[in-house]
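Values in this text are rule-based calculations from the coordinates and carry no lab data. Just so we're clear, the structure is a prediction, and the values are computed from it rather than from any experiment. Counting neighbours? That spans all protein chains shown, and the Cβs are built from the backbone with ideal geometry, glycine included.
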Amino acid sequence: MSSNLEDLYREVILDHYRSPRNRGELPVPPATKTEGFNPLCGDEVAVYLEIDSATDTVRDIKIEGQGCSISQASTSMMSAAVKGKTVDGARQLIRAFKALMSIHEHKLEGEGDGSDLAADLEGVRLGDLEALQGVVKFPVRIKCATLAWNTLQQGLDEAGDSSI
């Protein structure tokens, strides 16, 4: 990655860390609240999710938490990326983001080229989320970047269970 691109990515991450999108709470219910915690470093994330059952879309999402710049920036970026998306679209983004993190991790560890994960990225535009791909150079930080995504996935599962 070129130095200019790394600088741009660093700025995107810092912008989301300093000015997190969708910060706050939603009333529970109708929203669900899901909490994630990374015991290795102490990062905490809370995701408030309101699903419109008629259209199966993420009507609203709010986030809270504390931790390192990577976890908090990733949480902000995740909330902006999934707001207004269908639940299926949000799940596709989760798979794509985790694949982005895993592909680079597999390459770094010499476990192939990541082509087995490439299908999850097929046709998905990650936009600013690609700024986080540099995290894979620091494997211990991958859990920081994926914490919000795992929490969102759990929240979508719980929201789906409650609408049955």
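State the answer as a single residue: which of GLN133, GLY160, VAL87 lies farthest towards the positive end of the charge dipole of the range 3-162, with beta carbon charges of +1 for Lys and Arg and -1 for Asp and Glu, about the Cα centre.
It is GLN133.
Output ³J(HN,Hα) for the range 6-17: one whole-Hz value per residue in order, computed from phi by the Karplus curve 6.51 cos²θ - 1.76 cosθ + 1.60 with θ = phi - 60°, and x for Gly and Pro.
These are the phi-based 3J(HN,Hα) values: 4, 5, 4, 4, 4, 5, 4, 4, 5, 4, 5, 5 Hz.
If you look at just the Cα atoms of the range 3-162, how large are its Rg and its Dmax in Å?
Calculated on Cα positions, Rg and Dmax stand at 15.2, 47 Å.
With r as the distance between the Cβ atoms of LYS85 and SER3 and R0 = 35 Å, compute the FRET efficiency 1/(1 + (r/R0)^6) and round to 0.05. Numbers along the way, then the final one.
Values: r = 33 Å, r/R0 = 0.95.
Efficiency for this residue pair is about 0.60.
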